[in-house]
Amino acid sequence: MNYFLKRKILNLFFPNRCPVCDELIRENDRFCPECTDRLTPYTGTFSITGAAECFSALVYDKAVKSAVFLLKKGGCGNADYAFGAYLADVLKDNNIPDRVDFIVPVPMSEQSRRKRGYNQSELISEAVSAETGIPVRSVVRKVRNTGEQKKLGRAGRKLNLKDAFEVTEDVSGKKILLIDDICTTGSTFSEIAVMLRKNGAENVYCASAMKALKKSGT
């Protein structure tokens, strides 16, 4: 079913709400006007080992934390569409739809996916796909559970992710857009991007809905 038709039908039974404050909003709105005004667009630059270019839409701060909570712990609500649509704007501004073959969402382990009921990176990727026309292909699988990245330092994050992913299809010569919800140090992106390149991908671009800013003194 068409992505936007599905949203239209769902809106008849579950009216669209702002994923930050829970106010009713129009069918294809992202956030309510008040919460939109509090968002901080990400205007910096960052690099990821293995990636040709990197993009992010919003700064990860207190203005979006309640929406992220829904995305990771709740029923998701409108958060996946809101973040995906903002990320799609950035990608279109940088002509990424004309430069890649398909989107690859950062995968979760099967155990984690069953526990949550969905992979938030896949949901964001589907929203980006609907807005840009780039198809989604899940050609990377997470083959083992890992500890929480947020509790680890940079070196610990890298070690935590070692051999956690595998490529499941031939990606030779492909230009791939790798999507995740939040980029902190970029360890997950780097682990997958390098692996895709080793498996023959021509280019890998990394894009996150939100970018965590480096704290002063760290």
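With the requirement that a residue be under 15 Å from the mean Cα position of the chain (by Cα) and within 14 Å of I192 (Cβ to Cβ), what does the stretch 129-148 give you?
R137, S138, V140
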Going by what's in this entry, would E191 be described as farther than 22 Å from V143 by Cα, acidic (D, E) and out of contact with any Phe, Trp or Tyr (no Cβ under 6 Å at 6 or more places or on another chain)? no
How about the stretch 72-104: which of its residues are under 27 Å from V167 (Cβ atoms) and in contact with a Leu (Cβ under 8 Å, 6 or more places away or on another chain)? D80, F83, G84, L91, I96, P97, V100, F102, I103, V104
The lone condition A79 fails out of (1) surrounded by 18 or more Cβ atoms within 10 Å (Cβ to Cβ); (2) over 19 Å from C206 (Cβ atoms); (3) in contact with a Lys or Arg (Cβ under 8 Å, 6 or more places away or on another chain) is (3)
For the stretch 12-59, which residues satisfy the criterion of being assigned to a helix (DSSP H, G or I) and surrounded by 15 or more Cβ atoms within 10 Å (Cβ to Cβ)? C35, T36
I need every pair where a residue in the stretch 194-213 that is over 20 Å from T40 (Cα atoms) and acidic (D, E) has its Cβ under 8 Å from the Cβ of a residue that is at pLDDT 95 or above and in a loop (DSSP other than H, G, I, E, B), sequence separation at least 6 or different chains. E202/G173; E202/K174
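Of Y118, Y81, which residue is touching a residue at least 24 places away in the same chain (Cβ under 8 Å), in a helix (DSSP H, G or I) and farther than 23 Å from A193 by Cβ?
Y81
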For L5, all conditions in the list (1) part of a loop (DSSP other than H, G, I, E, B); (2) surrounded by fewer than 21 Cβ atoms within 10 Å (Cβ to Cβ) hold save one; what is the number of the exception? (1)
Restricting to the stretch 160-187, give me the number of residues that are closer than 15 Å to T49 by Cβ, out of contact with any Phe, Trp or Tyr (no Cβ under 9 Å at 6 or more places or on another chain) and either surrounded by fewer than 14 Cβ atoms within 10 Å (Cβ to Cβ) or at pLDDT 95 or above (or both). 1
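The values are calculated or read from the model by the stated rules, or taken from the named source; none is laboratory data. Only a predicted model underlies this, so the values are computations on that prediction, with no experimental measurement involved. Because the Cβ atoms are built from the backbone with ideal geometry, glycine has one as well, and the counts that use them run over all protein chains shown.
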